[in-house]
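Student: Please find one structure pasted underneath; my questions will follow.
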Amino acid sequence: MHDTPPGSPHAPEPDAGPDDALAGELRELMERAAAGLAPLPDLTQEAVRLGRRRRVRARAAVAGAVTGVIAIGGIGSAVLGGASTGGGGLGDPASRPAASAVAPPATTSGTPSPASVPPVPEATPDATGPVRKAKVLTRALGDLIGTVSPAGTDLFAGRIDGHTFPVTFQVRPGVDTLVGCPDPPDTAVVCRTAWLPGRIEARVVVTGGDLRGGRSVSVSFLYADSTVVLTVGPDTDARVSPPVSADQLLAAAGTSALLSEAKAEVEAEVQAAMDEAEKAAGDGTDSTGEASLAPPALSGPTPTEYSSAEPSSVTGSSSANSTNETGGSPR
């Protein structure tokens, strides 16, 4: 038998068997081991609180379901009652609500009607012509004098590096002579005859200098019975010559875009002259507005092809470009 300290609460009874004695010792050892530990938490209150929450949620769900069923039933009854009263003809007509005689307000669209939109004015030839010419000049001279913009009748301006260089692109109808060399001859740095593509006779003139506010480069050529003049002048305020040489301006004048623009300009001038002549012939008056006894012209002048006639003094391709660097008339 094991010795049990006196006063031990779990001491076995005197007549206890060996199993009871062993159980008492184990219980005593466990109590000693757990003597310094904290007491176990009480989970009863938390369990009660969670149980109450679950009951509240369940009751709320049941109440919501009942309310929904009642609402659906009420709406269904109202719909069925209204349908039976309105369509069955069993209700009192005097008790039926009168239909509203006020029509709903008309909604206006945010898009205005086509009639209220003012017509867009069409671009006139006078407005589109200078812009078209400026684009052509920009393609031909943009690398040299920058973007070209309209600046007046037959006048344009190229702007680059803070300088403004005036540009003239002019068609002179009825004039079939090239721009002559300046007089006195010593004012011309270059004055020579050249040929554009298509054997178009042209003349290149460079005048002025740094002492005169800068040099001016000009190319004139013939088309039909008209003369086309292209000139690039200096920036007189800064006394700076344009960065364009005679050969560069000649090459620009020979581009297909500029030649096509010159051709269109000449044909427009000829067509305008023909229209004026036909109008005067139909009115029985001449160009001055006075009565004319002459019969009306049967047909007006038509544009001819580019002039291909060479100067009589030119005998070979080697003499096609004659240059007088000191001025004077071309040879």
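No value in this document is a laboratory result; all are computed from the given coordinates. What you see is a predicted model, and the numbers here were worked out from it, not measured in a lab. Glycine gets a Cβ as well: all are built from the backbone with ideal geometry, and neighbour counts include every protein chain shown.
Student: Within segment 165-177, which residues are buried (at least 20 other Cβ atoms within 10 Å of the Cβ) and over 19 Å from Ser260 (Cβ atoms)?
Tutor: Across segment 165-177, the qualifying residue is only Phe165.
Matching residues to (1) under 18 Å from Lys135 (Cβ atoms); (2) touching a helix residue (DSSP H, G or I) at 6+ places or on another chain (Cβ under 6 Å); (3) surrounded by 15 or more Cβ atoms within 10 Å (Cβ to Cβ):
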| position | (1), (2), (3) |
| --- | --- |
| Ala238 | no, no, no |
| Pro243 | no, yes, yes |
| Ala246 | no, no, yes |
| Ala253 | yes, no, yes |
| Ala257 | yes, yes, no |
| Glu269 | no, no, yes |
| Glu276 | no, no, no |
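Student: Of all residues in segment 211-255, which are among the hydroxyl-bearing types (Ser, Thr, Tyr), within 20 Å of Pro197 (Cβ to Cβ) and not in a strand (DSSP E or B)?
Tutor: Across segment 211-255, the qualifying residues are Ser245, Thr255.
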